[in-house]
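Trainee: Encoded as structure tokens, here's the structure I'll be asking about.
The values are calculated or read from the model by the stated rules, or taken from the named source; none is laboratory data. The shown structure was predicted, so the numbers you read here are calculated from the model rather than taken from an experiment. Note that we place each Cβ from the backbone using ideal geometry, even for glycine, and neighbour counts take in every protein chain shown.
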Amino acid sequence: MAHEGETGEHLAERAGRGGLWYAAVLLAAAVAVLAIQALLTVAYVGLSGDHASRGPKVLVVSADRGVAGGIANRLNALDGHPLRAFVAPDRAAAESELAGNDASAVLVFSPNQPSDTILTDSAAGSVDAAAATAILRADDTAQGRSAAVRDVAPTQPGDPGGQMSGYLVLCQSVGGFVIATALGVWLHRNRAGFSRLRRTVLVAIAFSLGSGAFGAWLLLWVTRSITAPWLPLALAGALVAAVSSVLTFAAIGVFGPAGAVLPALMLATFSGPYAAADASLPAITHAVVPWLPGGAGVDLVRDVIYFHHTHALRPVGTLGWWLLGGLLVTFLAGANARRVGDLPPDPAQ
């Protein structure tokens, strides 16, 4: 129904605002779809075309950097280039890269000893650690030396591949996505007001807290797959689920119910074991994935399980700004929808 006293100029102004909002939505949709297409193309074309030719990344450590450089050059010159070897400034820096999944293995060369040490990190989930270790040991044997392998962070018996964090994040993301899709579509269909939108988002976040607690309970006491502190694991799962929910609300608020496809693609594609961002993946993929919700969630859960929260700041911060950004878009879209609304019918009719 037309509002009393509403002039033609006012109606034209509202129509203009509605047109601008519609154009902005179309532009945002195009940018979002192209961004997801770019991520998928870089990730999967890189996996199928570049992955095999890159080889695992290994670091060489020695008290003499010149000697370490010579070893790295020899490893890089092996037939078929099966490794990418780099010199690390010291052992502590090399172990830090290993824990961050930026390297598959570390060769610690001891010039005064007949044997060297190869460091691996099973908890980091590097799928190429075994291949890198075999090549390094074969090279040491060819040089008349031996090598002992030490796993600095072995995986737990129930997590042999170090991929448990990827599966947990995928499950939490799906839970957050499903509840937000159901609530978001209901809000959109009933054209709920801004205050109801706020309450519904709070309900979804409360659900995320319960989902995180439930997921940690299932993992620790039902499946007994791993051993970890329950509360940090529950909070990590809740944060992942909350980000998934909020991003879904934001997409539905901007694009309508069909917008749920966007977070579904991003969360499903980059929330499973793939989000481990193995060191041998294409460089751009390895650089981008940890800053996406799925990659940050995997890093956070892995840190809770294996590294006693020592590397939690970056993934928590990453998930935090995704959460805040999603909330901002959700509430801006909700406020705009309430303000613009449908145009009233022509008073002359």
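Trainee: Among the numbered criteria (1) within 25 Å of VAL301 (Cβ to Cβ); (2) free of Cβ contacts under 8 Å to residues at least 12 places away in the same chain; (3) outside the structural domain of TRP230 (by TED's automatic domain parsing), which one does VAL178 miss?
Mentor: Going through (1) within 25 Å of VAL301 (Cβ to Cβ); (2) free of Cβ contacts under 8 Å to residues at least 12 places away in the same chain; (3) outside the structural domain of TRP230 (by TED's automatic domain parsing) one by one, VAL178 breaks only (3).
Trainee: Restricting to the range 219-248, give me the number of residues that are among the polar types (S, T, N, Q) and in a helix (DSSP H, G or I).
Mentor: Count: 3.
Trainee: Can you find even one residue in the range 192-206 that is part of a loop (DSSP other than H, G, I, E, B) and either on the phi < 0 side of the Ramachandran plot or basic (Lys, Arg) (or both)?
Mentor: yes
Trainee: Could I ask something else about it? Tally time: how many residues in the range 106-146 are touching a residue at least 60 places away in the same chain (Cβ under 8 Å), closer than 15 Å to LYS57 by Cα and acidic (Asp, Glu)?
Mentor: 1
Trainee: Determine if the range 181-188 includes at least one residue that is within 13 Å of ALA241 (Cα to Cα) and out of contact with any Lys or Arg (no Cβ under 7 Å at 6 or more places or on another chain).
Mentor: yes
Trainee: Which condition does TYR274 not pass, out of (1) under 18 Å from the mean Cα position of the chain (by Cα); (2) modelled with pLDDT of 80 or more, if it passes all the others?
Mentor: Every condition holds for TYR274 apart from (2).
Trainee: Within the range 66-84, track down each residue that is modelled with pLDDT of 90 or more and touching a helix residue (DSSP H, G or I) at 6+ places or on another chain (Cβ under 8 Å).
Mentor: Correct list: ARG74, LEU75.
Trainee: Being part of a loop (DSSP other than H, G, I, E, B) and of a type in the set (A, V, I, L, M) is the requirement here; does ILE179 meet it?
Mentor: No: the conditions fail for ILE179.
Trainee: So which of LEU98, LEU187, LEU168, LEU136 is within 30 Å of the chain's Cα centre (by Cα), in a helix (DSSP H, G or I) and more than 30 Å from LEU328 (Cβ to Cβ)?
Mentor: The conditions single out LEU98.
Trainee: Can I ask one more? Out of all the residues in the range 161-184, is one or more modelled with pLDDT of 80 or more, β-branched (Val, Ile, Thr) and loosely packed, with under 15 Cβ neighbours inside 10 Å?
Mentor: no
Trainee: From the list ILE252, ILE226, exactly one residue is under 18 Å from ASP303 (Cβ atoms) and either of a type in the set (Ser, Thr, Tyr) or at pLDDT 80 or above (or both). Which is it?
Mentor: Selected residue: ILE226, the only one of ILE252, ILE226 that is under 18 Å from ASP303 (Cβ atoms) and either of a type in the set (Ser, Thr, Tyr) or at pLDDT 80 or above (or both).
Trainee: Related question: Report every pair of residues separated by at least 6 positions or lying on different chains whose Cβ atoms are under 9 Å apart, first residue within the range 74-86 and assigned by TED's automatic domain parsing to the domain that holds ALA105 and within 15 Å of ALA131 (Cβ to Cβ), second loosely packed, with under 14 Cβ neighbours inside 10 Å and polar (S, T, N, Q).
Mentor: Listed by first residue and then by second, the contacts come to HIS81/SER53; ALA85/ASN73.
Trainee: Being of a type in the set (Phe, Trp, Tyr), in the same structural domain as VAL316 (by TED's automatic domain parsing) and under 21 Å from the mean Cα position of the chain (by Cα): is that true of PHE255 here?
Mentor: So PHE255 does not fit the description; no.
Trainee: Give LEU218, LEU233 a once-over and let me know the one that is farther than 16 Å from LEU324 by Cα and free of Cβ contacts under 8 Å to residues at least 60 places away in the same chain.
Mentor: Of LEU218, LEU233, the one residue that is farther than 16 Å from LEU324 by Cα and free of Cβ contacts under 8 Å to residues at least 60 places away in the same chain is LEU218.
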